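Following: one structure in C-alpha cells, then a few remarks.
Each reported figure results from applying straightforward, stated rules to the coordinates on display, with no laboratory input. Predicted model, so just to flag it, every value in this text is computed and none were measured. For neighbour counting, all protein chains shown are included, and Cβ atoms are generated from backbone atoms with ideal geometry for every residue, glycine included.
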Amino acid sequence: MRVLLCSDSYYPHPGGISEYIHYLAISLRRLGNDVLILAPRYREEYKNGDDVVRIGRCVLFQGNKSTITFTYDRKLPYLVKDFLSSEKFDITHTSGPLGWNLPYWVLHFSKSINVATFQTSFVGFNFYKLAKFPFKRELETKVDGAIVPSRAALNAIAPHFLLYYKIIPDGVDTERFYPEIEPIKELPEGKKILFVGRLDPRKGLNRLISAFTMIKQKIPSAFLVVVGKGNIETYRKMIPHNIRKYVIFKGYVDPDTLPRYYASCDVYVSPAIGGETFGIVLLEAMASGIPVIASDIPGYNEVVKDRKNGILFDPFSTEELALRTIELLEDEKLRIRLKEKGRKYALQLSWDRVAERVVDFYEELYNKI
C-alpha cells in the first residue's frame, strides 16, 4: 500500500506523537509499504529524508497544560489540495484532524481510505465537547476508521464522534531501547532517579521535585536526573538550595543519546497529573530495563499494572510518590522483578508488532470498498 502519515507534530519537535509517526513509518516500510510523511516546518534545524514533505510552519502555544502544535500558512488549504492532487495514496493516516490544522485539510481533500489517530486526553475540560459542533459531520463522513491507543483515549472522544474505532496501543523501538546499551559515564555515583519529558505543567515535574526533598532525607546518595525541553529555570527555583546540586538538568537530549540515560539510572518516574492517553516514555523505560513508577491516571494505568510491571501512585500525593520511590530504590529484588516484567511487556509492543495490527486495520478498511 502507499500510505501518507500526516501530523502537526513531528521532528524536531519532541513528544509521543513525533515518535509515533516516525516509528510507525519505519515499521510500515519494513512490512513492504510505501510511506510518505507530511508535516510542517520548524524554526529549529532538522534534516529531511526523501520520505518527508513539509508544508506550512509550526506554531507552538500552550493549552491543556501542555505544548500544542499547529500548522499555519495563509494558503494552507490550497497547498494541501495541490499536494494531494499530485500524489496518489491508498491510505491517508492523519493524527488529530481537528481545528483546521494540517491533518484536517488532508482529511478534507483526501480521496483515499481515511484513517485518523486520536491520542488526546484532557486535564479538566474536554474540548471534544466543543469540537463536535464544527467538525462532527465531516469527521463522521470522511473518517473510515479511527485508531486510539487506549480506553482513556476512546472514552475522551467516543461520546462526541460516532466513528469506527480500533484500540491499537503505541509501540516502542526495542532495538533502540534495551538494557545492555552503554550508560552515561559522566553522571555521578549514587542512586539515580530519571525524569524524561517536556517541562510542561501536566508532566508533574514540580511534584517530583517536592518528593525528592523527602527522598534525600532517607537516601542521601540519591540524584534526580531531568531530561527534557522547557523552562529549566522555573523548576530550578523550586529546589531547596541545600539539595540543588543533586538535581541534574540535561535539557533536550538527542534521540541517539536518550536511551543511554535510561540505562544509566536506577528508577524512572513519570508523575504526570493527567491528559495522557498512553505514555510511550513508560514503554521506553521498560524496554531499557529500568523499573517504572507512574501516576495512577487514565492511560498510564493501562500500561503500568501495579506491582506487576511497575508501580503506580496517587498523582496528587507527593508523600506517596516519595515512599514508593524510596521503597523501590531500597528493594533490589523488587527492582529486578519489575525490570524483567517490564522488559517482557515492552517486547510485546515492539513497533513491528504494532505496525502489523495497523496494517491489518488498513486492509480491513480497504477491503470494504
Query raised in the report: For the range 235-311 and the range 32-80, what is the separation of their Cα centres, given in Å?
Result: 27
Query raised in the report: Just in the range 282-369: which chymotrypsin sites (Phe, Trp or Tyr not before Pro) are loop by DSSP and have at most 10 other Cβ atoms within 10 Å?
Result: none
Query raised in the report: Taking the chain on its own, what percent of its Cα-Cα pair distances exceed 39 Å?
Result: 16
Query raised in the report: Which order do Ser317, Ser27 fall in if you start with the one that has the fewest other Cβ atoms within 10 Å?
Result: Ser317, Ser27
Report task. May I ask you to derive the relative contact order of the range 192-348, considering only C-alpha pairs under 8 Å and at least 6 residues apart, and to give it as an integer percent? Result -> 24
Query raised in the report: If exposed trypsin sites (Lys or Arg not before Pro) are those in a DSSP loop with at most 14 other Cβ within 10 Å, what is the longest stretch of the chain that has none?
Result: 112-184
Query - Cα shape, the range 192-348, gyration tensor, a/c 1.5 rule - result: rounded
**Report entry** Greater than 22 Å apart at Cα, pairs in Lys81/Lys111; Lys229/Lys308; Lys111/Lys368; Lys229/Lys339; Lys88/Lys166; Lys191/Lys216
**Finding:** Lys229/Lys308; Lys229/Lys339; Lys88/Lys166
Report summary line: Note on the range 289-347: alpha-carbon gyration tensor, axes a ≥ b ≥ c; rule is a/c under 1.5 for rounded, else prolate if a/b larger than b/c, else oblate; result oblate
Report task. For Lys305, go through the aspartates and glutamates and keep the ones whose alpha-carbon is under 13 Å away, minus same-chain ones fewer than eight residues off. Result -> Asp296
**Report entry** Other-chain or far-sequence residues with amide H under 5 Å of Lys192's (modelled H)
**Finding:** Phe223, Asp266, Val267
Report summary line: Once Lys and Arg are counted +1 and Asp and Glu -1 for all other residues with Cβ under 11 Å from that of Asn231, the total becomes +2
Report summary line: From DSSP H assignment alone, runs of 4+ in the chain each adding -39500 (n - 2.57), the sum over residues rounded to the nearest 500 puts [θ] at 222 nm at -11500 deg cm²/dmol
Requested in this report: Using Cα centres only, tell me the gap between the range 133-165 and the range 329-353 in whole Å.
Outcome: 33
